[in-house]
Amino acid sequence: MPYGWEWPFGGGCRKRGQTPYDPGLMSLETVLDDLRVAWRVLRHARGFTGAAVLTLATGIAGTTIMFALVEGVLLRPPPFPEPNALLVAWKQLPSAGLEHFPFSVSEINVLARETRLIESLAGVGYNGAGTSVIVENGSATYINTASVGGDFFRVIGVEPVLGRALTGADDVSGAENVMVITYRLWQDRYVAAPDVLGRRLTVDGQPFTIVGVMPRDFDYPRGVDAWMTLRASASTLTNAAFREGVLRDVDLIARLRPGATIGQATSELQALTSRLETRASPDAPRGFRAVVRSYQDVVVGDVRTAILILFSAMGLVLLIASANVANLLLLRGESRRQEFAVRAALGASGFRLAREVLTETGLIALAAGATGLTVASWTLHAVVTLVPEGLPRVDAVRIDAGVALFTLALAIFTAALAGFAPALVWARGDVASELRKAGSHGRTIRRGRRALVVAQVSLAVIIIAAAGLLVRTLMRLEAVDMGLAADRLVFVELDLPQAKYADDTRHLQVLNELIAQLEAAPGIAGATPVNTAPFAGTGGWDAPVFTAEGQNADRAAANPSLNLESVHPNYFQTLDVRLVRGRGFTHADGHRGPLVAIVSEDVAARTWPGADPIGRRIKLGDTSSADPWRTVVGVARPTRYRELADARPTLYLPAEQFIVAARMLVVRTALPLTQVAALVGERVRSVDPEVRVMRVAPLAQLLEKPLARPRFNARLIAAFGLTALALASIGLYTMMSAFVRQRYREIAIRVALGASASNVRRLVLAEGLRLTLAGVALGLSVALSAARMLRGLLFGVRALDPASMIGAALLLVVISMLAAYLPARRATRMDPIQALRMN
């Protein structure tokens, strides 16, 4: 401690000769005294205390909930050792614009032999978790399954909480089909029963045995319910091309050797990928680039920006709430100004008075923190249920000790933030001046309160502008033209017995019978099988490379990657996809007919610019590909069937000439859904009682999935924006009410001299408008810079969208003027004689 200072008994530091009861002294006794005084003062001012606590609790509860999301999804380490050593890799084909191209199991085996920087590696299906039909105790339902290499869990290092993990011995031909389930499925479906191990069930027509349960927080690939080996997954498919695809289309998950970095691994994998190209068949695509990402980036990468933006928006709401409380404290300080001045004249220092204000603020903030944490605990589950499907690690979101400590720190921070301005005013106060001023208001206090109102308005503008961008994005997505009869399509998912319909001829026969039965039903305008569910993205087939007749190798390599659809003759009529040129497919386009294709308009425009595509020929693969040539017979309007936001061009092939594998029907009808479901069930049973109808859903219901995340983002930030708007309006209302009281004498004199009510209203509203416009100008300048952070979340809206920015500004001005109007109206109703007597 400094020379000349000593510790008094009971704590605290004082200078020699100073009494321990000096009002400015910090000791345990004075701290307790401050707390007692602050509690007594706040207890007697219940209205002020309640308003301040509720205001801060609103911000703290919302911020706590958002931090629980951040902590659970982004910050909490996964349940296995050294997660930073894990990486996930795939390939890109830049020439075709293909961002995600998988490895094959055979390529992964080569990489395992030749790598020097990777300790262990395995494959994982690149489409992530897919839907499977499970049958148990005679009941059929869906679960999301993932296909992984046998060493998948060993590479990651995750240990089961029950039973065992999959091993390399499970991923060989002839091995028993086994599966490992998630903690969530174990809890929800099996009620955490320990005898779940050894249970047998049928998955996509094949028997499986449950052998293990993974930890609660492990969810990779995202949304998975159960894992099976690649070989076991292939056994559930009767189509040879699909079985081959399971073993061909895998991403690489790997664990680095100690000391190796992701940058070094990227360089090595790029070299090994180029080496693999030289060994590939002549018709394989060329020019691949290795893409390597950390495990954490892959798991949470596409949601990180949205969560952090929403957390930041809630943080701004908390700042507005803190500014509101600071304004209330300044207002309350004005009513206690003479009290403080008298106490200062009796020996209390400015530091002592400021300390009392901070102590009161601290108690308010702690009460708000406790209230906010309680509200967050009650409402977190409800918020999590609103989280869109596919958000990673949602099971890890909870109120734990870390979140509680964050809330405590947040309460302390808001106490310091809200109490700083009032404490500073009184720490610097001039006692004699305050005593002389009688009932007038200090210039410093007025400036501080105006600055707080301007800050509130500017923060509200930022949040509301961001909300406007996300709401407009949602509106654009909901109104986007999908290029098909979106309002009249109903999708029917079927479970066809694998063994019975393994043969393509028999499979096609039952599909044709079902379509004939449905099209003969009243109210059904059209029906067709479909191989790919809507909005499946890369879950369907792709044509990463194609060649048009006459193209050289360089020109073919520049062709875009295409969605590849295997469709039946009445596909275009049923979905109401307009053919702008040529014809659709017919039953004559079967396996014995000439090979034909239909392309979307964007394919035709890019491949044959300014020329008629009808009669031109294309083939899958590059110029050396052995794939046969197919003649273009039609050009279809582009659709958003596979991707809602970033639609790719499409190549259509007749199912009989490509792959017959549809397990879904789509019907075009205006009938009610219940009637459609009953009709479909009846017609399916009449064709084959063994075929199960798993689900009947309109396209609007399936559209919920791609819209879920934009809708969640828009609704949550809109709620934050409304809260910010309400808090900013309350702050301005409080400020203008004080402004009117402050100028009672002036207003009374103006009225006595003949000022009209409109003159008085204009005086008050002009002050409110000046503060609002200052806040709007400051907020817009920040919002224009911050809007660029939202680019990855926008669709059809520019980051610097004028409508969102101007709309936010106008909304703040209108609401602020309404908030200022009430004090202005009250000022016009005052009695000038009574007001002059009061002052």
Checking rank on 464-473, 129-138, with mean other Cβ inside 10 Å and highest first, the result is 464-473, 129-138
If you roll a 1.4 Å probe over the range 91-149 with all protein chains in place, what percent of the accessible area is carbon or sulfur? 44
Take the alpha carbon atoms of the range 242-266, find their center, do the same for the range 57-98, and report the distance between the two centers in whole angstrom. 19
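Between beta-carbons, use under 11 Å as the cut-off and find the net charge around R683, counting Lys and Arg +1, Asp and Glu -1. Mind dumping the intermediate values first?
Numbers: positive: R685; negative: E513, E519, E682, D688.
Counting the neighbours of R683, the net charge comes to -3.
Taking a 1.4 Å probe, which of W541, W629, W90, W378 shows the most accessible area, and what order do the others take after it?
On the way: W541 55, W629 80, W90 35, W378 195 Å².
Result of the area sort, largest leading: W378, W629, W541, W90.
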In degrees, nearest 10, range 0 to 90: what is the angle between the Cα axis of helix 28-44 and the longest Cα principal axis of the chain? 80
Whole-Hz Karplus couplings 3J(HN,Hα) for the range 212-217, θ = phi - 60° and coefficients 6.51, -1.76, 1.60, Gly and Pro as x, run x, 10, 8, x, 4, 8
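Counting pairs of Cα atoms in the chain, how many percent are more than 48 Å apart?
Values: 136154 of 351541 pairs.
Of all Cα-Cα distances in the chain, 39 percent exceed 48 Å.
Report the net charge of residues surrounding N713, where surrounding means a beta-carbon distance below 15 angstrom and charges are Lys +1, Arg +1, Asp -1, Glu -1.
+4
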Most to least packed among 564-571, 43-50, 511-518, 474-481 [average Cβ atoms within 10 Å]: 564-571, 511-518, 474-481, 43-50
Point-to-point label distance, K705-R116, nm (Cα→Cβ direction, 7 Å offset): 4.4
Taking 7 Å along the Cα-to-C-beta vector as the label spot, tell me the E519-N137 distance in nanometres, rounded to one decimal. 4.3
Applying the gyration tensor rule to the Cα atoms of the range 153-288 (axes a ≥ b ≥ c; rounded if a/c under 1.5, else prolate if a/b exceeds b/c, else oblate), the class is oblate
Using DSSP, restrict attention to beta bridges with both residues in the chain and report what percent are antiparallel, rounded to the nearest 5. 80
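Considering only DSSP beta bridges with both partners in the range 538-654, what is the antiparallel share in %, to the nearest 5?
Details: 13 of 23 bridges.
Of the beta bridges lying entirely in the range 538-654, close to 55 percent run antiparallel.
Which value, in Å², gives the accessible area per residue of the chain when a 1.4 Å probe is used on the protein heavy atoms? Mind showing how you got there, number by number?
Numbers: 36540 Å² over 839 residues.
On a per-residue basis, 44 Å².
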Extended-chain gain in nm, criterion 0.36 nm per residue less alpha-carbon gap, R447 and R637: 62.2 nm
Do the sum for the chain: with -39,500 (n - 2.57) for every DSSP H run of n ≥ 4, divided by all residues, what is the mean residue ellipticity at 222 nm, to the nearest 500 deg cm²/dmol? -16500 deg cm²/dmol
Computed over the chain: longest principal axis from alpha-carbon atoms vs helix 401-427 long axis, angle to nearest 10 degrees, is 30
For the Cα atoms of the chain, what angle does the longest principal axis make with the long axis of helix 704-742, in degrees from 0 to 90, nearest 10? 10
Percent relative contact order of the chain, based on C-alpha pairs within less than 8 angstrom and at least six residues apart? 15
With a ≥ b ≥ c the root eigenvalues of the C-alpha gyration tensor of the range 231-280, is it rounded (a/c under 1.5), prolate (a/b larger than b/c) or oblate? oblate
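How do D297, D249 rank by accessible surface area computed with a 1.4 Å probe, from largest to smallest? Intermediate values should be presented prior to the final figure.
Values: D297 70, D249 40 Å².
Ranking D297, D249 by accessible area, largest first, yields D297, D249.
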Could you grab the relative contact order for the range 137-239? Cα pairs under 8 Å, six or more apart, rounded to a whole percent. 39
Cα gyration tensor of the range 555-660, axes a ≥ b ≥ c as square roots of the eigenvalues: rounded (a/c below 1.5), prolate (a/b > b/c) or oblate? rounded
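How do the peptides 205-218, 184-197, 495-508 rank, highest first, by the average count of neighbouring beta carbon atoms within 10 Å per residue?
Numbers: 205-218: 19.7, 184-197: 14.3, 495-508: 15.9.
Highest-to-lowest ranking by the protection proxy: 205-218, 495-508, 184-197.
The values are calculated or read from the model by the stated rules, or taken from the named source; none is laboratory data. Quick caveat: nothing in here was measured; it's all calculated off a predicted structure. Virtual Cβ from ideal backbone geometry, glycine too; neighbours counted across all protein chains shown. Just so you know, the surface numbers come from the protein's heavy atoms only, side chains and all, with ligands and any DNA or RNA stripped out. Shrake-Rupley method; radii C 1.70, N 1.55, O 1.52, S 1.80 Å.
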